[in-house]
Amino acid sequence: MRDSPGTEQLMFGDYSIGDLSSIFVMQGFAGLILFSVFVLMALGLAIIFGQMGVINMAHGEFMILGAYVTWMTSGFFQNNLPSLFNIYFFVAMALAFVAAASLGILVEWALIRRLYKRPLDTLLATWGLSLILQQTYRSVFGAREVGVELPQWMLGSKQVTDTIEIPINGMFVMCLTVLITLVVSYVLYWSPFGKQVRAVMQNRIMAGAVGINTERVDRYTFGLGCGIAGIAGSAFTMIGSTGPTAGQLYIVDTFLVVVFGGATSLLGTIASAFTISQAQSTLEFFLSGSMAKVLTLLAIVGILMLRPQGLFALKVRK
Amino acid sequence: MGWLMSDNERDKTSGGLESPFRRKLLMGMAALPAMSLLSSPVFGAGPATAAVNTTGLAVTDTEVTVGILHSVTGTMAISETGSVQAEKLAIEQINAMGGVLGRKIKFIQEDGASDWPTFAEKAKKLLVNDKCASVMGCWTSASRKAVLPVFEQYNGMLYYPTFYEGLEQSKNVIYTGQEATQQIIAGLDWVAKEKGAKSFYLLGSDYIWPRTSNKIARKHIENHLKTKVVGEEYFPLGHTQFNSVINKIKLTKPDVIYAIIVGGSNVAFYKQLKAAGIDLSKQTLLTISVTEDEIDGIGGENIAGAFACMKYFQSLDNANNKAFVAAFKKMWGEKTVIGDVTQAAYLGPWLWKATVEKANSFDIDKVAAASAGVEFKGAPEGYVRVHENHHLWSKTRVGKAKLDGQYELIFEAAELVEPDPFPKGYQ
């Protein structure tokens, strides 16, 4: 018997090498899953913040819109198309994208485009929007959380060896993240639309002068960012809760990832998500949950003090 | 509760006697204050107002005003909605059977908006401006701590429904939920005896209730059960990633996971537990923070097999509870579920009514003094009685979560458990 059974001492001691190595593998996966979750959360915000300089405080609420769409789709399939229930999630994600993107475009048209020259006011306006959306969800769907039912194949874990188990929903989020990151980088860096977006970002006046419809580009960029938030929200119904204020659970981490990564670069977002997630999941394993968070945040504050522009910053002529 | 039905029916028939024309006429004349007396002929037969209200509370010959103070907006609305619903149901039922001392209960509802200073401000409004004879309200300990000085300064009466960490007692508060020892000790004893549990992993959200509860649990596990705690961890409120701690649990292989995680984190925790391959039919998990309300969000398939230690489950098989569940669903919809706190909130108005009638007065001091020993035989959880320390004697129960989101009663304490908000040897 140990005299003080703190968690740290328990990690070692009477465990076999096999036990420890399988935990090592599972812990590696835990870190990768957290990484995927962070990337998925932050992508939409990074696009909007990085490309347009708009700080979208309502990002979490766009995610929850996606989650509610998923919930409604699951209900619809259960009642009307039970035979196709196994694949409803893909339909739900597509619908979540469409719903969140449409709302995003609407918001850009009604609100954001009037505030491009007043960045601090967009902060306030989108924060107000987030409150309005929260209350709307509460009035429409009720204050209680809803449970999204998942098809059987998405539940449980995959038994790799006797002791190593990998959660299926985690794998799903990882694949989804890779896919969406690839699509987004294609759209932003190789497609004609992406060229326009980057042109507008680098020099709005010149982009307008060479014939790019900057207003339209802004609108679709905002829509794209919100749409990705919708997909993220849809995916997170597998791992988290769906309620009117659930978006608030993600917003702090999301901002952290985007700011730490250097807002203008997709690579920066990914690198920062990786750093934060690995730090947090490793610390969580060796210390406790709250302490891990404290240390991670302290480290980020320290690094941002030394490097205020974030990990990766694009050199733009001001 | 057969008498309730008959009262309802009587109301209906007396309403049915009015012709449509007469009803229209009445509506037209409703502006005349005298008419409002005619529309509620049942009330006004109680003792004289001057005798039962000597301190200037909002009591008239026909009406008494109480306050409902919960969050219906903001993050706590998820949890507090059920309490508001239960309190409104109780008030409606009490009114249907003739009110309190012959007076109809009128409620003023205020929104604490999940913000503790707002709670204090609204509490002051209910006591000072509205002169409420009692207030049913608060949910989190933080909101209760915020309103407590207000209730003590302006001498109000608060009926507080949530199970909480204990370490508090006030003349101005009746705690209708369990304090920590009532919820923890019997549950741990049960799991040690029935499951032969020798090692425990304590988890919680990082704030006062889980920390105090786990402190009590640890003392009980180590000093009384003579078994051991192999890990204890807290997560910030709203934490959504539990894979690392789940790996730690897999490594330490505790006999029991003891979880006090609240809010949205709850959903993430159980979904990830299931996804990580921890089978709750083999791994014992005991929680004191998941009621039927929370299972709605978590999903029955993610938590089936877990044990919860509460004093009330919606599935309790007794006549009081059946009538309560039926009335609740009739009022708030077939799909609503009722959790432990919702039931405790339902007790508030009933206990207040019983106390006022025992004291034969609405005066706060007399109600506070008369509270000890007040009993409510119609409680859905069974019989409850108010202790001198203003907490309730009630039974501890253990339920097992089923796929449909309900709990199946597994264990019930033989006797009412005495509330002990300042437990010796546990601090």
When each of B:Lys193/B:Lys226; B:Lys88/B:Lys171; B:Lys219/B:Lys424 is checked by Cα-Cα distance, pairs over 20 Å
B:Lys88/B:Lys171
Return the sequence-ordered ³J(HN,Hα) values of the range A:140-156 in whole Hz as given by the Karplus equation 6.51 cos²θ - 1.76 cosθ + 1.60 applied to θ = phi - 60°, using x for Gly and Pro.
7, 9, x, 6, 6, 6, 10, x, 8, 7, 9, x, 4, 5, 8, 9, x
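Of all the C-alpha pairs in the range B:240-290, what % are more than 13 Å from each other?
Working: 711 of 1275 pairs.
Tail of P(r) above 13 Å: 56 percent of Cα pairs.
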List the pair-distance distribution P(r) of the range A:192-271, using every Cα-Cα distance, as the percent of pairs falling in each 10 Å bin from 0 up to the bin containing the longest distance, rounded to whole percents.
16, 36, 31, 15, 3
Compactness check, the range A:108-183: C-alpha Rg relative to the 2.2 N^0.38 Å globular estimate gives 1.77
What is the Rg over Rh value, at two decimals, for chain B, using alpha-carbon atoms and the Kirkwood definition of Rh?
1.01
How large are Rg and Dmax for chain A when only the alpha carbon atoms are used, in Å?
21.0, 77
Residue-wise, which Karplus ³J(HN,Hα) couplings in Hz belong to the range B:272-282, taking 6.51 cos²θ - 1.76 cosθ + 1.60, θ = phi - 60°, and x for glycine or proline?
6, 4, 5, 5, 7, x, 7, 8, 6, 7, 9
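Summing +1 for each Lys or Arg and -1 for each Asp or Glu, what net charge is found among the other residues whose Cβ lies under 14 Å from the Cβ of A:Gly223?
Working: positive: A:Arg113, A:Arg216, A:Arg219; negative: A:Glu108, A:Glu215, A:Asp218.
So the surrounding residues net to 0.
Only helical DSSP H runs with n ≥ 4 go in: add -39500 (n - 2.57) per run for chain B, normalise by residue count and round the 222 nm mean residue ellipticity to 500 deg cm²/dmol. All intermediate terms of the calculation are to be shown ahead of the outcome.
On the way: 16 runs with 179 residues, N = 427.
Dividing the helical sum by the residues of chain B leaves -13000 deg cm²/dmol.
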Net charge of Cβ neighbours under 14 Å - reference A:Asp253; Lys, Arg +1; Asp, Glu -1:
0
Going residue by residue through the range B:78-85, the Karplus relation 6.51 cos²θ - 1.76 cosθ + 1.60 with θ = phi - 60° gives ³J(HN,Hα) values, rounded to whole Hz and with x marking Gly or Pro, of 3, 7, 7, 3, x, 5, 4, 4
Where trypsin sites (Lys or Arg not before Pro) fall in DSSP loop in the range B:161-228, at most 11 other Cβ within 10 Å:
B:Lys226
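In square nanometres, what is the average projected area of the Cα convex hull of the protein assembly as shown? Can you show the working numbers first?
Numbers: hull surface 148.2 nm².
If I average the Cα hull's projected area over directions, I get 37.0 nm².
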Once amide H atoms are built 1.01 Å from N in the peptide plane, which residues 5 or more positions from B:Ser394, or in another chain, come under 5 Å H to H?
B:Val417
Report, ordered by chain and residue number, the lysines lying within cross-link reach of A:Lys195, taken as a straight Cα distance under 26 Å and ignoring same-chain residues fewer than 8 apart.
A:Lys117, A:Lys315, A:Lys318
Amide H neighbours of B:Val173 at under 5 Å, excluding residues fewer than 5 places away on the same chain, with H built from the backbone geometry, are B:Leu158
How charged is the neighbourhood of B:Thr49? Take every other residue with its Cβ under 15 Å from the Cβ of B:Thr49, and add Lys/Arg as +1 and Asp/Glu as -1.
+2
Rounded to whole Å and sorted largest first, list the principal axis extents of the Cα atoms in the range B:203-260.
34, 28, 10
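As a check on your grasp of the helix formula, calculate [θ] at 222 nm for chain A: sum -39500 (n - 2.57) over DSSP H runs of n ≥ 4, divide by the residue count, round to the nearest 500.
Values: 12 runs with 224 residues, N = 318.
For chain A, the value works out to -24000 deg cm²/dmol.
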5 angstrom amide H check on B:Glu233, placed H, neighbours 5+ away
B:Leu202, B:Leu203, B:Gly204
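Laboratory data are not the source of any read-out in this text; all were calculated from the coordinates shown. In this text the structure is predicted, and so the values were computed from the model without any measurement. Ideal geometry is used to build each Cβ from the backbone, glycine not excepted, and the neighbour counts take in all protein chains shown.
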